[in-house]
Each structure stands twice: as C-alpha cells, then as structure tokens.
Amino acid sequence: MIGRLTGALLEKHPPQVLLDVQGVGYEVNVPMSTFYDLPAIGTQTTLYTHLVIREDIHLLFGFATESERQTFRQLVKISGVGARTALALLSGLSVPDLYHAVATQDSARLIKVPGIGKKTAERLLLELRDKLNSTIINLDESEPSSVHGDDILNALLSLGYSDREANWAVKQIAASATLSDGIRQALQLLSKEK
C-alpha cells in the first residue's frame, strides 16, 4: 500500500523517525541499521516501507535498502515472528550477517539478539534456510576479509562489541594478519571510533 516515502527527516527517536512528506508527517519504525545511516534532521531521505495493519493500529516500518525490506518481509511470514521481533533481528544483525548465520546454521549468533530465544532461533534457521537467497543479498559481503576473520569477530563479540562494530573492524584488517595482530588492530580501530 505504501511502498516508499521520500521527505524531510523531522525527528529521530529510536526506533522511530518522523518523516515529512509534502506536509504529512509519517511515524516510521526503523531497525537500528537504518537508524544509524540516517542523515541529519531536516535532510531529504528515502525509506522503503512496509505497512502492517492490525485491528487496533497501523504500523509503518521503514528501511534504508530494498534488501532490508525483503528480509523483513520474509521474517514476518514465519509463525511466531512478529514485526517487532523482525525489527529487533534487523537491528541486531545486518542483512549479510543474518544471511551468513542462516547459511551456516549459526543459532548462537541469533540468540545474541535481544528477544530471540533458542527455540525462536532454531525455527528461524529452519524456515529461512530456503527462503533467503543470493538475489536478496550477496554472501561475499559478509565474509571476513582476514584469514582469521571469524576468530577475530568472535573475540570482539565476546568483549561486548556489537555485530556492526565487530564486522566493520574485521573488514579493515589485512588478510595476512595473524590472529593476535588482527585482534590488536581491531581493538585499536574500535578505540579510535569511540
């Protein structure tokens, strides 16, 4: 019904933004991945949207990319996964990270997302296995560039860094870096970002 909105960004209050489209203010719920990439207040922005209609409320969800919206739509089709849970998943994991977790059947990665328990994670992995495909996202984007990328990523996650921060840091590290050098470089990069 409402597939895309383009307008001035009026307010940002996670996870909701207010978008002025020709004088009409739309309250749009966005995942944190989209929220972090939003421009400054007053700037024109475009969001791909998904409208959820229930008896008591209409909810509009917005996404920075079409792949985020398509993934959200796949998630809400799963029994027991509502729009809020799907939004939490996309806030905790990028689309390539979610795809990678599904491709490798890594339930531990999903359980780290607040609100996702072991049973829900297993159901997600089972039902998404055949539904997410490479036309939505490119798996190569989620592969760590370093030989020890997965180990460095796990070390950063265990130190409390978010998936987004850890993946960003791992992608900055030279492919030839040893495990200890890679962790050291990643920590230095992340300390500069704070």
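The values are calculated or read from the model by the stated rules, or taken from the named source; none is laboratory data. The structure presented is a predicted model; accordingly, all values stated were derived computationally and were not measured. We place every Cβ from the backbone using ideal geometry, glycine too, and count neighbours over all the protein chains shown. Just the protein is used for accessible areas: all its heavy atoms, side chains included, with ligands, DNA and RNA removed. Shrake-Rupley method; radii C 1.70, N 1.55, O 1.52, S 1.80 Å.
Summary table below
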{"item": "Verdict on residue 169 being modelled with pLDDT of 75 or more, crowded, with 20+ Cβ neighbours inside 10 Å and within 21 Å of residue 37 (Cβ to Cβ)", "result": "yes"}
{"item": "Residue ID - modelled with the highest pLDDT, chosen from residues in the stretch 147-161 that are assigned to a helix (DSSP H, G or I) and of a type outside the set (S, T, N, Q)", "result": "152"}
{"item": "Among the candidates 116, 136, residue that is hydrophobic (A, V, I, L, M, F, W, C), out of contact with any Phe, Trp or Tyr (no Cβ under 6 Å at 6 or more places or on another chain), under 27 Å from residue 72 (Cβ atoms) and at pLDDT below 75", "result": "136"}
{"item": "Some residue of the stretch 30-44 being farther than 22 Å from residue 163 by Cβ, hydrophobic (A, V, I, L, M, F, W, C) and surrounded by 14 or more Cβ atoms within 10 Å (Cβ to Cβ)", "result": "no"}
{"item": "Scan of the stretch 21-41 for residues that are among the hydroxyl-bearing types (Ser, Thr, Tyr), outside any strand (DSSP E or B) and under 18 Å from residue 3 (Cα atoms), ordered by number", "result": "34"}
{"item": "Matching residues, the stretch 153-194, being within 27 Å of residue 88 (Cβ to Cβ) and β-branched (Val, Ile, Thr)", "result": "170"}
{"item": "Members of the stretch 3-14 found to be more than 13 Å from residue 64 (Cβ to Cβ), open to solvent by 50 Å² or more (accessible area, probe 1.4 Å) and touching a residue at least 24 places away in the same chain (Cβ under 8 Å), listed by number", "result": "10, 11, 12"}
{"item": "Residue 18 surrounded by fewer than 19 Cβ atoms within 10 Å (Cβ to Cβ), among the aliphatic types (A, V, I, L, M) and either in contact with a Ser or Thr (Cβ under 8 Å, 6 or more places away or on another chain) or not in a helix (DSSP H, G or I) (or both)", "result": "yes"}
{"item": "Candidate set from the stretch 172-194 (those that are open to solvent by less than 40 Å² (accessible area, probe 1.4 Å) and assigned to a loop (DSSP other than H, G, I, E, B)); member that is modelled with the highest pLDDT", "result": "173"}
{"item": "Residue match in the stretch 42-51 (condition: over 12 Å from residue 15 (Cα atoms), part of a loop (DSSP other than H, G, I, E, B), touching a residue at least 12 places away in the same chain (Cβ under 8 Å) and over 12 Å from the mean Cα position of the chain (by Cα))", "result": "yes"}
{"item": "Pair list, Cβ under 9 Å, 6 or more apart: the stretch 148-160 residue closer than 9 Å to residue 183 by Cα and β-branched (Val, Ile, Thr), other residue open to solvent by less than 60 Å² (accessible area, probe 1.4 Å) and at pLDDT 75 or above", "result": "152/166; 152/169; 152/170; 152/173; 152/177; 152/182; 152/183; 152/186"}
